[in-house]
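These notes concern the structure reproduced below.
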């Protein structure tokens, strides 16, 4: 991943005016996406007690109900489209204020890695404590693995945002060719995976699918989508949905949208187009709703703590599962089997508890995410290494699972990345990292 420093005012699409103020509709949609991820993961957590010991599993595995739920709660395509929208505008504003590309990327590095290293450090310490009090190693290993799974987002989003300046310039020069190349690459990976039967090939789309979705968000940011007629946008969305359904019925892709994320497939691009079409057509109504008191408060709460919520919702869920297992073992009352009627009846309370506990943790840790950013390093080389080191630190957890050792390695890598991304002995003045990242 190479980051090349640009002139102060790059040849972006300056003829397209920057939107005035924040886009409250986008803010609300981003907050809904974050809540959707928490709900999706919460409903997938299954815990039972077998032979006197707890068993943690994916409650949705092999079930029919995950298909309709995934169509409602698989919001990652929309999140990356919104990320492209917000990132493109923020990049242009950074340069309009006389900022540099390295300053833009440094803000992303600090915004994403600072709360991450704190969360991963605490989780590593918690795993060490569990081992010290005699919790079986296999249970600790499962907990570490489950915690690691959602962290793919951190690595991928950091990479996408680090590459955003280069892709924004490519969009300014050749918008259709750039997005078409990314889409073609993602489809090619799917074809190669199908031909060879090698599942590992599909993980190349961790790059191409999510970069393509981010790139699609640029068209919303520069006004291209809004300049299309409502009829054209509706036809595009309907065509994408029809193609998606055809791909499912034809066996090209699984109708379970969760299965299409691990590894990512081009089906998610079609989902992103459907989402984008719906958002563009309903944007005025969403905007009007987003300015009401409750939606505005919800959006403000979540957007200020996006990464904290994402990083801590899985520890909250694992804690809840552990408490349920201990309570069952202590009382002798069996936990309901996943997908049973009793299990479904308990889901509303489970989901409400998951949201509440995650929100409380996020409130307690708000300052870690929102504190001011140090001034960025001037060296593009240092920024390239910082972003790559941050990604590599997360990949360690994804490949090996979260253990005391891997957590320590990840934290060390992230600390090094943050040091590389800042100027020595200088602190930022004025705008916080959160403000830079969440411009919409």
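The values are calculated or read from the model by the stated rules, or taken from the named source; none is laboratory data. None of these values were measured; they are calculated from a predicted model. As a convention, Cβ positions derive from the backbone with ideal geometry for all residues, glycine included, and neighbour counts pool all protein chains shown.
General observations
- A single entry from 177, 195, 187, 216 fulfils the requirement of being in contact (Cβ under 8 Å) with a residue 60 or more places away in the chain and more than 19 Å from the chain's Cα centre (by Cα): 187.
- The listed residue being out of contact with any strand residue (DSSP E or B) (no Cβ under 6 Å at 6 or more places or on another chain), farther than 20 Å from residue 39 by Cα and not in a loop (DSSP other than H, G, I, E, B), out of 327, 352: 327
- Residue pairs meeting the criteria (Cβ under 6 Å; at least 6 apart or on separate chains; first on the phi < 0 side of the Ramachandran plot and assigned to a loop (DSSP other than H, G, I, E, B), in segment 271-294; second modelled with pLDDT under 95 and crowded, with 20+ Cβ neighbours inside 10 Å): 291/24
- Of the residues examined, residue 155 is one that is in contact (Cβ under 8 Å) with a residue 60 or more places away in the chain, surrounded by 15 or more Cβ atoms within 10 Å (Cβ to Cβ), at negative phi and touching a helix residue (DSSP H, G or I) at 6+ places or on another chain (Cβ under 9 Å).
- Filter result (within 13 Å of residue 312 (Cα to Cα) and in contact with a strand residue (DSSP E or B) (Cβ under 8 Å, 6 or more places away or on another chain)) within segment 108-130: none
Yes or no, residue by residue, for (1) assigned to a helix (DSSP H, G or I); (2) surrounded by fewer than 22 Cβ atoms within 10 Å (Cβ to Cβ):
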{"residue": "71", "(1), (2)": "yes, yes"}
{"residue": "81", "(1), (2)": "yes, no"}
{"residue": "111", "(1), (2)": "yes, no"}
{"residue": "115", "(1), (2)": "yes, no"}
{"residue": "120", "(1), (2)": "yes, no"}
{"residue": "134", "(1), (2)": "no, yes"}
{"residue": "143", "(1), (2)": "yes, no"}
{"residue": "150", "(1), (2)": "yes, yes"}
{"residue": "166", "(1), (2)": "yes, yes"}
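- Segment 198-213, residues that are surrounded by 17 or more Cβ atoms within 10 Å (Cβ to Cβ) and either outside any helix (DSSP H, G or I) or under 17 Å from the mean Cα position of the chain (by Cα) (or both): 205, 206, 207, 208, 209, 210, 211, 212, 213
- Residue that is surrounded by the most Cβ atoms within 10 Å (Cβ to Cβ) [pool: residues in segment 330-360 that are over 29 Å from residue 308 (Cα atoms) and touching a helix residue (DSSP H, G or I) at 6+ places or on another chain (Cβ under 8 Å)]: 335
- Any hit, segment 56-69, residues being more than 24 Å from residue 138 (Cβ to Cβ), in a helix (DSSP H, G or I) and free of Cβ contacts under 8 Å to residues at least 12 places away in the same chain: yes
- Of the listed requirements (1) touching a residue at least 24 places away in the same chain (Cβ under 8 Å); (2) farther than 28 Å from residue 43 by Cα; (3) assigned to a helix (DSSP H, G or I), residue 359 misses just one: (2).
- Take the conditions (1) more than 19 Å from residue 112 (Cβ to Cβ); (2) in a helix (DSSP H, G or I); residue 336 misses just one of them, which is (2).
- Among the residues making up segment 240-262, those that are under 26 Å from residue 85 (Cβ atoms) and either out of contact with any helix residue (DSSP H, G or I) (no Cβ under 8 Å at 6 or more places or on another chain) or assigned to a loop (DSSP other than H, G, I, E, B) (or both) are 242, 253, 257, 258, 260, 262.
- Tallying residues that are surrounded by fewer than 19 Cβ atoms within 10 Å (Cβ to Cβ) and under 16 Å from the mean Cα position of the chain (by Cα) within segment 269-319 yields 1.
- Filter result for residue 190 (modelled with pLDDT under 95, over 29 Å from residue 117 (Cα atoms) and assigned to a helix (DSSP H, G or I)): no
- Residue within segment 334-349 that is modelled with pLDDT under 90, over 28 Å from residue 120 (Cα atoms) and in contact with a strand residue (DSSP E or B) (Cβ under 9 Å, 6 or more places away or on another chain) present: yes
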